[in-house]
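What follows is one structure encoded as structure tokens, with my remarks underneath.
What follows is calculated from the coordinates using simple rules that are stated; it is not laboratory data. Every value quoted in this text rests on a predicted model; they were computed, and no experiment measured them. A quick note on method: Cβ atoms are made from the backbone with ideal geometry, for glycine too, and the neighbour counts reach across all protein chains shown.
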Amino acid sequence: MAASGAALAAAQTRPDYQLQLDTLSQGFDGETCWVHPRAGIVPGERGPAVVLTMQKLLLTGSDVFYALNELRTDDLGRTWQGPRERQTELGRREEAGGVVAALCDFTPQWHRKSSTLLGIGHVARYVNNRLMPAPRPVDSAFSIYDAGQPSWTPWRVIETPAAHRHLRFSAGCAQRVDLDDGEILQPVSFGDGKGPNQVAVARCSFDGETLRVRELGRPLSVNVERGLVEPSLTRFGKRYFLTLRNDVKGYAAEGDGLQFSAPRPWCFDDGAELGNYNTQQHWVAHSAGLYLVYTRRGANNDHVFRHRAPLFLARVDPERLCVLRATERAVVPERGARLGNFGVTTVNREETWITVSEWMQPRGCEKYGSDNSVYAARLRWRRPNELAER
């Protein structure tokens with residue numbers, strides 16, 4: 001029988017991990033800032049290489065992104081190479097009518113079946129260096145890392161059957177699940193650009209070169225503001241869990257990978273709402289427990305844009321699908337800047353990393369001490385994570 005929420009919380013008096021916070025980069029030029037630092041691994045005989053991508057944001061605009069850059073460590077963070085700009089493969093492209101397309105919201109993850117580091121994100125489009133007026137097209141795109149060069153393949157739009165195409169079809173900022181047979185369960189948000197967005201899990205094939213959508217699971221929706229966006233998926237035991245961003249509150253759902261329960265608001269185990277809103281959340285999956293990483297109101301953080309700092313980690317009760325309040329811990333500190341765009345990487349059986357940067361908007365957030373630092377919050381597990389790459 002599954003342990004009760006109270007028993008789970010009591011077991012967490014001593015956390016299952018030790019926390020080490022590394023600063024990978026720091027410094028603020030006042031015009032741009034690093035955003036979207038997310039990492040993937042490339043397994044090796046002497047341990048994994050960690051490849052982190054991030055990109056510059058123009059502070060005078062809204063979601064105006066430039067080429068992806070790459071950082072790499074071959075010694076688990078003792079030394080780093082980069083950042084190296086990947087303009088040729090992962091940069092902006094000119095399209096017809098003065099439109100410029102940019103790959104963004106990118107998440108690299110090791111695909112075991114093909115022995116490939118596969119990164120997936122979405123494509124934003126600009127006119128005169130501003131987002132195209134809505135409704136505007138959004139595609140999902142991917143790129144593959146060649147560890148030997150090292151280099152990336154030029155980004156390509158994911159092949160999608162006509163029945164599943166929408167004006168907006170975004171896999172940005174999402175966590176996926178790779179199946180043993182090599183198929184990929186990729187959560188996406190989609191819509192016509194006018195009404196609320198929906199979320200579903202796309203079953204995709206990947207042969208090491210081409211990523212194709214084969215099937216789209218049952219759509220999930222809430223009739224609130226923009227609907228649901230930036231979904232993340234995980235598998236824990238025999239069940240799958242989604243966490244979902246919404247303008248008013250974060251939601252969760254559970255299911256079999258393609259069919260999910262109706263979304264319900266994230267709450268603590270005492271019934272109070274979590275307080276996360278208009279910001280993504282992501283999973284940390286360990287063989288001994290399931291965790292959520294999130295931001296929320298009520299942490300003496302009213303001065304932070306949308307309360308997007310500090311970054312919290314807490315254990316989830318998978319039976320009741322709630323956050324255990326007694327296990328909550330701030331893993332990245334609040335210094336005025338928002339931390340809501342981040343990534344989670346299972347590095348090996350001993351460590352999981354949460355990577356994030358201080359997003360320096362709105363102007364003036366630096367007065368609280370932020371300087372666009374890029375962090376890796378390293379969770380060093382007390383027990384090996386049997387879900388990790390061997």
- Query: Between residue 226 and residue 22, what length comes free when the chain is fully extended (0.36 nm per residue of separation minus the Cα-Cα distance, one decimal in nm)?
  - Reply: 69.9 nm
- Note on the structure: Phi-derived 3J(HN,Hα) across the stretch 200-210 with the Karplus relation (6.51, -1.76, 1.60, θ = phi - 60°), rounded Hz, x for Gly and Pro, is 8, 9, 8, 8, 10, 9, 8, 9, x, 10, 10
- Message: Considering all alpha-carbon pairs of the stretch 41-162, what whole percent are spaced by more than 22 angstrom?
- Response: 38
- Roughly how compact is the stretch 18-59, stated as its Cα Rg over 2.2 N^0.38 Å to two decimals? 1.53
- Task: Would you calculate a helix-derived [θ] at 222 nm for the chain, using -39,500 (n - 2.57) for each DSSP H run of n ≥ 4 and dividing by the full residue count, to the nearest 500?
- Result: -500 deg cm²/dmol
- Message: How large is the Rg to Rh ratio of the stretch 305-390 when both quantities use alpha carbon positions and Rh follows Kirkwood?
- Response: 1.04
- Principal semi-axes in Å for the stretch 246-330 [√(5λ), Cα gyration tensor, largest first]: 21, 15, 11
- Task: Work out, step by step, the length gained on full extension between residue 320 and residue 113: first 0.36 nm times the residue separation, then minus their alpha carbon distance; give nm to one decimal.
- Result: 71.2 nm
- Query: To the nearest 0.05, how large is the calculated FRET efficiency for residue 78 and residue 389 if R₀ is 22 Å and r is the Cβ-Cβ distance?
  - Reply: 0.65
- Query: Taking amide H positions as placed 1.01 Å from N in the peptide plane, with prolines and chain starts having none, which residues 5 or more places from residue 138, or on another chain, fall under 5 Å of its amide H?
  - Reply: 168, 169
- Task: Evaluate the Kirkwood expression for the hydrodynamic radius of the stretch 160-279, namely the inverse of the mean inverse distance over all pairs of different C-alpha atoms, and round to one decimal in Å.
- Result: 14.7
- Message: Could you work out the relative contact order of the stretch 70-161? I mean the mean sequence separation of Cα pairs under 8 Å and 6+ apart, divided by the number of residues, in percent.
- Response: 21
- Task: Grab the beta carbon distance between residue 303 and residue 179, set R0 = 56 Å, and tell me the FRET efficiency rounded to 0.05.
- Result: 0.80
- Query: Label-point separation (nm) for residue 167 and residue 60, each offset 7 Å from Cα along Cα-to-Cβ?
  - Reply: 2.9
